[in-house]
Amino acid sequence: MPIARPRRNAVRTAASALGALSLLVALSACTDSATDTAPTSTVTPPSATTAAAEARITIRGFVFLPQDLTVRPGEQITVHNNNSVSHTVTATDGAAFDTGDIAPGQSATFTAPDTPGSYAFICSLHPRMKGTLTVV
Ligand SMILES: [Cu+2]
């Protein structure tokens, strides 16, 4: 008879261990389902930043980058002069747009024409620098 007690205790310990184990399984099942849903909720729309990108021309080494830029009518275009001398972005066709002198390391902004078309531009200080602004 004295042997029955430790055996009953052993059974009780095993039962409580099983209970703890099933609790762990339930908990891990919970966290599994949580990690399953997490990646889908953090996905961001892919084209949102592309559409909002600003029109920009960078001047580097006496070259407009890009040389051919397409924008919407009336869009703001930022010109950054990354060279060590002043430059301009000046339409060759009348007074469509002209940034005036942009000092080294500085930026200027101009507004694209409202009329769709192709507008050639140069640097008025260095007319061999050429580019084209296309308004669509
Ligand atoms: Cu220039």
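Overview of results
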{"read-out": "Interchain or long-range residues, amide H under 5 Å from ILE57's placed H", "value": "THR78, VAL79, HIS80"}
{"read-out": "Burial ranking of peptide ranges 62-69, 82-89 (average Cβ count within 10 Å, highest at the top)", "value": "82-89, 62-69"}
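No lab work stands behind these numbers, since they all come straight from the coordinates. Quick caveat, the model's predicted, so the values are computed rather than measured. Every residue, glycine as well, gets a Cβ built from its backbone with ideal geometry; the counts of neighbours run over all protein chains shown.
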